[in-house]
Amino acid sequence: MNEKMNQFEDMIEAFLALKNYPESVLTDPISEGKWSIREIVGHLFYWDKLSLETMVPLMVHGATLPPFPNNDLHNEEGIS
C-alpha cells in the first residue's frame, strides 16, 4: 500500500508541474478526436479519487466492494 501511495504522490508532483504550461497547451486535444491534457488528468484524478475514498476504506479480506459506476458517465463527470 505504501508503494501505491508513493506513486500517487509522484503523480501529484507531475500534475503540479503542469501549472508552468500555457492554458492552450493544457486545453487543446493531444490529437484530432482525443482528449486534452486537462481532460486526461481529470479522468485519472476522478478514478483515483473514487478508489481512494470509496473502495480503499472497504478493502479488507473477503470484503464485497460496491460496483464501479458506469464508465462513460464517470469519465464525463471527471473531465467536466
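Taken together, the values in this text are just the output of simple stated rules run on the coordinates, not laboratory data. This is a predicted model, so every value here is computed, not measured. Cβ coordinates were reconstructed from backbone atoms using ideal geometry, including for glycine residues, and neighbour counts include every protein chain displayed.
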Amide H neighbours of Ser36 under 5 Å, at least 5 residues apart or on other chains, H built in the peptide plane: list them. Ile30
Any lysines with Cα under 20 Å of the Lys4 Cα? List them, leaving off those in the same chain fewer than 8 positions away. Lys49
How big is the dipole moment of the stretch 21-74 about its Cα centre under a simple scheme where the beta carbon of each Lys and Arg is +1, that of each Asp and Glu is -1, and everything else is neutral? Debye, nearest 20, please. 180
What is the spin-label model distance, in nm, from Ala14 to Glu76 if the labels are put 7 Å beyond Cα along the C-beta direction? 2.8
Give the aspartates and glutamates whose C-alpha is closer than 19 Å to that of Lys19, dropping any in the same chain fewer than 8 places away, or say none. Glu9, Asp10, Asp28, Glu39
Could you please tell me the mean projected area of the C-alpha convex hull for the stretch 19-60, averaged over all directions and given in square nanometres to one decimal? 3.9
For the stretch 26-36, what does the Karplus curve 6.51 cos²θ - 1.76 cosθ + 1.60, with θ = phi - 60°, yield as ³J(HN,Hα) per residue in whole Hz, taken in order and with x for Gly and Pro? 7, 9, 7, x, 5, 6, 4, x, 10, 6, 7
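List the trypsin sites (Lys or Arg not before Pro) in the stretch 24-71 that DSSP assigns to loop (not H, G, I, E or B) and whose Cβ has at most 10 other Cβ atoms within 10 Å. Which are they?
Working: sites: Lys34, Arg38, Lys49; in loops: Lys34.
Listed in order of number, the matching sites are Lys34.
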Normalised convex hull volume, the chain, alpha-carbon set, Å³ per residue: 107
